[in-house]
1. Positive end of the dipole of the chain, charges at C-beta (+1 Lys, Arg; -1 Asp, Glu), about the Cα centre: which of Ala176, Tyr127, Phe238 has its Cα farthest in that direction?
2. Distance between the C-alpha centers of segment 40-69 and segment 191-260? Whole Å please.
3. Take the chain, connect every pair of alpha-carbon atoms lying under 10 Å apart with a spring to form a Gaussian network, then pick out the residue of Ile17, Ile249, Ile135 with the largest mean-square fluctuation.
4. Give a quick list of trypsin sites (Lys or Arg not before Pro) in segment 218-302 that DSSP marks as loop, anything other than H, G, I, E or B, with at most 14 other Cβ atoms within 10 Å.
5. Any idea what the relative contact order of the chain is, in percent, if you count C-alpha pairs under 8 Å spaced at least 6 apart?
6. Would you work out which of Gly198, Ile78, Thr98 lies farthest towards the positive end of the dipole of the chain? Charges go on Cβ: Lys and Arg +1, Asp and Glu -1.
7. Of His231, His44, His83, which has the largest mean-square fluctuation in a 10 Å C-alpha GNM of the chain?
8. Quick one: among Gln175, Gln307, Gln74, which has the greatest mean-square fluctuation in a GNM of the chain with alpha-carbon springs under 10 angstrom?
Amino acid sequence: MNKRVFSGVRPTGRLHIGNYLGAGKNYVAMQNEYDCVYCIVDLHALTTLEDTGKLQNNIYEALLDLLAAGLDPQKSVIFVQSHVPEINELFALLSMVTPLSWLLRVPTFKEKVRLHPQNVNYGLVGYPVLMTSDILLYKADVVPVGEDQLPHLELAREIVRRFNEHFGETFPEPQAKLTNFPLVVGLDGKDKMSKSLGNHIELAATAEETTKKVMSAVTDPARKLRSDPGHPEVCNVFKLRKHFEPELITQLEADCREAKIGCVDCKRALADSINRDLAALRARRVELAAKPEYVHQVMVDGAKRAQIIARQTLDEVKSKMGLI
């Protein structure tokens, strides 16, 4: 029997190449090795989303991107988090066994407070417990994550150990599967690629939009003139080219250090390689967008399959906690 994978995607709208490199490509590859459960986590989005009128469209757009990237509803369970209401009950139950001090020490909580000071809510503090509930509801063995999510996963393991100690062996301790491209820095060269920061490139962007975005990217801050030697280890454009043009990277590094290639030329080449790499995905997305009834049916079928697993887990949890 294959191990089970769980991962969730926040519905903040169309996915960007950071999502694709850091998670999407890995999701597709794992379909042939694991039993995969992939979820669009709309409840998580409520912790920071102020305009919920956009939520349904964001869910649809994210699902379009995932399907276009290669997620197969025949191989994976693909659904929307709130469509399986058992998640709310497990979240409440796990909240009863999770010390508040554990949640306040999570680094990403402080980061979210910095980014959304006007909306520091109870759900934001409890976000790691909801994330843990997502994983445990489907008894996932493996969770594909970027490096920034490792503290959340370690907290999930702590909650598992605490629950199992109090109520008996119930959940496996989920293990991290770091992606090959774990942290994608945005075009500003500073922060993680993020739609909220505007330093991203959408998967569904046109070739022209992609080129314009790439040409605005920050490169080597120490390189002022075309003749100055470059420092590829600090250049975000070079890091992206490592993924999109891996076969050229040794020569590119040498050319950069010897000032044989300028930053503008490097960015043009990156834009061309991104557009080539994503051409097929973008074509599939257009085809899927013309079949909205199919996309919505994927959500319905996925929720039915996910709920079968969720119901079994929740019955076991409630029985061990003395609730039934």
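The values are calculated or read from the model by the stated rules, or taken from the named source; none is laboratory data. In this text the structure is predicted, and so the values were computed from the model without any measurement. Cβ: placed from backbone, ideal geometry, glycine included. Neighbour counts: every protein chain shown. For accessibility, only protein heavy atoms count, side chains too; no ligands or nucleic acids. Shrake-Rupley method; radii C 1.70, N 1.55, O 1.52, S 1.80 Å.
1. Phe238
2. After rounding, the separation between the Cα centres reads 29 Å.
3. The residue that fluctuates most here is Ile249.
4. Working: sites: Arg223, Lys224, Arg226, Lys239, Arg241, Lys242, Arg257, Lys260, Lys267, Arg268, Arg276, Arg282, Arg284, Arg285; in loops: Arg223, Lys224, Arg226, Lys260.
Taking segment 218-302 and a limit of 14 other Cβ atoms within 10 Å, the loop trypsin sites (Lys or Arg not before Pro) found are Lys224, Arg226, Lys260.
5. Working: 468 pairs, mean separation 75.0, N = 324.
Over the chain, the number comes to 23 percent.
6. In the chain, that residue is Gly198.
7. His231
8. Gln74
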